[in-house]
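I have placed the structure first, in the form of structure tokens, so that the comments after it can refer back to it.
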Amino acid sequence: MELNPNVPSGPLADKWDTHRFACKLVNPANRRKFRIIVVGTGLAGASAAATLAELGYKVDAFCLHDSPRRAHSIAAQGGINAAKNYQNDGDSVFRLFYDTIKGGDFRAREANVYRLAQVSTNIIDQCVAQGVPFAREYGGSLANRSFGGAQVSRTFYARGQTGQQLLLGAYSALSRQIGKGGVTMYNRREMMDVVVVNGRARGIVVRNMINGAIETYAADAVLLCTGGYGNAYFLSTNAMASNVTAAWRACKRGAGFANPSFVQIHPTCIPVHGDYQSKLTLMSESLRNDGRVWVPKKQGDTRHPSQIPEDERDYYLENKYPSFGNLVPRDVASRNAKEQCDAGKGVGSTRLAVYLDFADAIKRDGEEVILRKYGNLFQMYEKITDSDPMKEPMMIYPAVHYTMGGLWVDYNLMTTIPGLFALGECNFSDHGANRLGASALMQGLADGYFIINTSVAHYFGSTALEKVDTGHEAFTKTAAEVSNRIDRMLKNSSGGPEGKVTVDEVHKQLGKLLWDNCGMARNKEGLEHALAQLPHLRQTFWERVYVPGAGRDINQSLERAGRVADFLEFAEFMIRDALAREESCGCHLREESQTDEHEALRDDTNYSHVSVWEYTGDDQPPALHKEPLQFENVTPTQRSYK
Amino acid sequence: MSSIDLKLVIWRQNNGDSLGDFETHVLRDISTDMSFLEMLDVLNEKLTKEGREPVAFDHDCREGICGMCGAVVNGIAHGPEKETTLCQLHMRKFNSGDTLVIEPFRSRAFPIKKDLMVDRSALDRIIQAGGFVSVNTGGAVDGNSIPIPTETAELAMDAAACIGCGACVASCPNGAAMLFTSAKISQLCLLPQGQPERKQRAAAMVAQMDKEGFGYCSNERECEAVCPKGISISNIARMNREYLKSTFFGR
Ligand SMILES: Cc1cc2nc3c(=O)[nH]c(=O)nc-3n(C[C@H](O)[C@H](O)[C@H](O)COP(=O)(O)OP(=O)(O)OC[C@H]3O[C@@H](n4cnc5c(N)ncnc54)[C@H](O)[C@@H]3O)c2cc1C
Ligand code: SF4
Ligand code: FES
């Protein structure tokens, strides 16, 4: 597998301009001759589909929801970063670049991150022009707040619903193109495979989720914008339908998968409370501005928090990290919460929670001020847990949130399969080993509005593409493989459920295996154990899973089964990647690699690279390739928050 | 943690062409900490284990924001709690022994797909008719060069908060989509960016509503009562003004 990142030469600040000038163009009259498939209509996909259609390309867009407006991007709460320096507090493109590279623990590609910082300012302008109702100051200018990992206020927001408003903006641009006929929208279609003809991506196979038909679509380029794979863990903050299928199928067709073990665990989520639980709810990171995190000093202390006197409480973040206190980055906060619970100091009925206490802030600022700041979050918490954070401390625990790993892409966002591009959370490119808050939305929109148009034009302009339609044997063959796989999943449906397991039961087992062994902290022994367990779990799935209903019908059990089958295969990549990376960095702690004070210890000599995994066959271990990372404009330093 | 027993009377329908009917199930030991959808998950696991087909229902975020979930519970869209989507409704709001009648959102413009799942793509087509600002990517002016007073931005945001769930349609005796449509029209006509297309937008979106078979508002206020995002019917009044302006005073 050849890994050429195609980073333009020259000074960092000029690379994007140099590149855009060097790229081939397609003249407006010729654009309508090209057809582009966009899979996924979250921030990345909706913005890409709209932008490409505006330019004159013919776009076919697909999503598994009933409407593009439902994509998981809708749930983002906090905000979106941009280097506008509206607050005159010293922000700049270079500072946003630097914060992002450092936040990712120096495991991202410099050139991509710099470009992200550069186009960030255009994103805000674009969204304002669309009518996104960002928060405003009294003078009418745009308001900003600050977010973890940054000392400037560069986060733009629309109440606690930033992702919703940004997505609705992109959705409206997409809707306009659907109305005009530039985009043909296919709702409720699940992509099942990529079709590769002569080494190039030329189409996809989808399942029509309403009637079960297997459909094929051909195009000149395929864009995967299908989001992250956090649901491999069963419980996560991701929407229920988020999955790895599209990316994994592409991987099986030859696309390299980068850093699959880089998973962000968010520290402030509502803890798990029962085995029926289906997903976890995020509580915005901003709560740590005023909430104090603590656990009882004594192990197994079951007293009500109000009964635990001050000197029997351990404010462990403030004690351990005096200069950052409760505002340490996500990875540090998450690891420390786990450490406390592992040591038997967890609280609540499951003992897998720590307190986030607002009592001091309420005493200091008064109830009114605190309610104004956090009222809607408190309400949401109360709705779910039936407990009022104004009266007793919240209980929080870390949860799987965001995947930094994804399909490997070069500077053009192209995967190792020519003609196949990956955008947004689906690619690996900009966040390194840890993502700072408010930067995923930024990346999704940067990719879709401002980067992919250049890449696609260059690809079409510099490639001789043969004519291919869905009659080509590659389409019939891939479609037949998809059908066979579905039949295999349904084969246990006959004869009733006796002795069989449900899809969710297997998914829960996989989730627990990954969470316990490939979660916040990992070690060789645990990872090897998990790797050894996977084949059993896969066997259980294929031999015993019971999928009720038929294939030619709406069948939500079958949909879940397909996704879980792919998680079961893909999990091996996650575990192998975690095993190979014998260093701690970002969100990922290898227990073998710690400082004397139990902090994550990075190893730049041996691991300053992107790990790219190549699928080599169902019963073969994948092959590891490395893209070395070069830092010419920043010096990797040990992160310290003491 | 306490638990309750429930009787579910739930709508089953194989597809849009077949006839549907109610089916009764008894669920015991439902934890009151569960969300309504988690309760349905439990029912579905039980049905699967019994070799029966689970109940199809739409959902995704389970955080009250994607607008994909929704059913009518005891006659109320999204259930009895105010300003709450079905996924954010918790079982502690019910008592042991309660009977819950669960039906899909019903409306002429929302054909039933299966069980509790309906097709709400008519709402998308209303947006496609004009629910946007016609601006291409690239070349937008600096965001701060379009100053917007806080109150205006807040009012626009109040309207923009609609999640497109369709509960307003399902609860309206006329099957009107006016709360939904008026929310988008309001958001854009309040903001300076929405001015150039203001008249065409109102006319085109209202015409599309008609075409999709939605009815008209007769001030029943049922929509406002069930809207999980507290969208106000004052938006409908604003929409009517916008529409009148677009027809009487021309473009
Ligand atoms: C609770 C929460 C809060 C967050 N808050 C923030 C925040 O404040 N700031 C921030 O920057 N980031 C935040 N994030 C992260 C951010 O929301 C996501 O990373 C980002 O929205 C991903 O966008 P996307 O376009 O790449 O993918 P998604 O929005 O996940 O879209 C994926 C699309 O792909 C489609 N799809 C998937 N698989 C298939 C398939 N096989 N076939 C067909 N279609 C498919 C789906 O239908 C969907 O349209 C948050 C995330 C969560 C979970
Ligand atoms: S107006 Fe309210 S009820 Fe109607 S679609 Fe929007 S959020 Fe749902
Ligand atoms: S599942 Fe998204 S609003 Fe209920």
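See the values below:
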{"item": "Theoretical FRET efficiency, 1/(1+(r/R0)^6), r = Cβ-Cβ of residue A:624 and residue A:542, R0 22 Å, to 0.05", "result": "0.25"}
{"item": "Calculated FRET efficiency for the pair residue A:184/residue B:17, C-beta based, R₀ 30 Å, to 0.05", "result": "0.70"}
{"item": "Two-site FRET efficiency, residue B:150 against residue B:198, from Cβ-Cβ distance with R₀ of 30 Å, rounded to 0.05", "result": "0.85"}
{"item": "DSSP-defined beta bridges in the protein assembly as shown - what % are antiparallel, rounded to 5", "result": "70 percent"}
{"item": "Whole-angstrom gap from the stretch A:347-396 to the stretch A:114-154, using each part's C-alpha centre", "result": "29 Å"}
{"item": "Alpha-carbon centroids, the stretch A:272-312 and the stretch B:201-251: separation in whole Å", "result": "46 Å"}
{"item": "Separation of alpha-carbon centers, the stretch B:76-136 and the stretch A:206-255, rounded to whole Å", "result": "26 Å"}
{"item": "Cα Rg, Dmax, the stretch A:66-127, angstrom units", "result": "13.9, 44"}
{"item": "Length released on extending from residue A:532 to residue A:343, taking residue separation times 0.36 nm less the Cα-Cα span", "result": "65.3 nm"}
{"item": "Under 13 Å from the Cα of residue A:512 - aspartates and glutamates, other chains or at least 8 residues apart", "result": "A:275, A:504"}
{"item": "For residue A:60, distant residues with modelled amide H under 5 Å away", "result": "A:36, A:37, A:38, A:184"}
{"item": "Where Rh is the Kirkwood radius over Cα pairs, Rg/Rh for the protein assembly as shown", "result": "0.94"}
{"item": "Ordering of B:131-141, A:578-588 by burial proxy (mean other Cβ atoms within 10 Å per residue, highest first)", "result": "A:578-588, B:131-141"}
{"item": "Neighbour-count order for B:21, B:119, fewest beta carbons within 10 angstrom listed first", "result": "B:21, B:119"}
{"item": "Cα-based reach from residue A:477 at 17 Å (exclusive), listing aspartates and glutamates while leaving out same-chain residues under 8 positions away", "result": "A:193, A:215, A:469, A:487"}
{"item": "For residues of A:135-146, the mean tally of beta carbons on other chains within 10 Å", "result": "4"}
{"item": "Chain lengthening between residue A:1 and residue A:323 when straightened (0.36 nm per residue, less Cα-Cα)", "result": "111.4 nm"}
{"item": "5 angstrom amide H check on residue A:403, placed H, neighbours 5+ away", "result": "A:229, A:230, A:264"}
{"item": "Inter-chain Cβ neighbour average for residues A:270-278, partner chain, 10 Å", "result": "4"}
{"item": "Ranked by how many other beta carbons lie within 10 Å on average, peptides A:515-525, A:398-408, B:85-95, A:52-62 from highest", "result": "A:398-408, A:52-62, B:85-95, A:515-525"}
{"item": "Net length gained if the chain between residue A:598 and residue A:18 were fully extended (0.36 nm per residue, minus Cα distance)", "result": "204.4 nm"}
{"item": "Links that overshoot a 23 Å alpha carbon limit, given the list A:524/A:642; A:508/A:626; A:491/B:49; A:363/A:642; A:391/B:93; A:33/A:467", "result": "A:524/A:642; A:508/A:626; A:363/A:642"}
{"item": "Estimated inter-spin distance, residue A:315 and residue B:219, nm [label 7 Å along Cα→Cβ]", "result": "5.8 nm"}
{"item": "Spacing of the two label points (7 Å from each Cα toward its C-beta) at residue A:508 and residue B:52, in nm", "result": "2.1 nm"}
{"item": "For the stretch B:191-196, Karplus couplings with θ = phi - 60° (6.51, -1.76, 1.60), whole Hz, Gly/Pro x", "result": "8, x, 4, x, 5, x"}
{"item": "Likely footprinting exposure, A:350, B:24, fewest C-beta neighbours within 10 Å first", "result": "B:24, A:350"}
{"item": "Neighbour-count ranking [beta-carbon atoms within 10 angstrom, fewest first] of A:441, A:513", "result": "A:513, A:441"}
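Every read-out reported here was derived from the displayed coordinates using simple, explicitly stated rules and does not represent laboratory data. This is a predicted model, so every value here is computed, not measured. Reconstructed Cβ throughout: ideal geometry from the backbone, glycine too, with neighbour counts over all protein chains shown.
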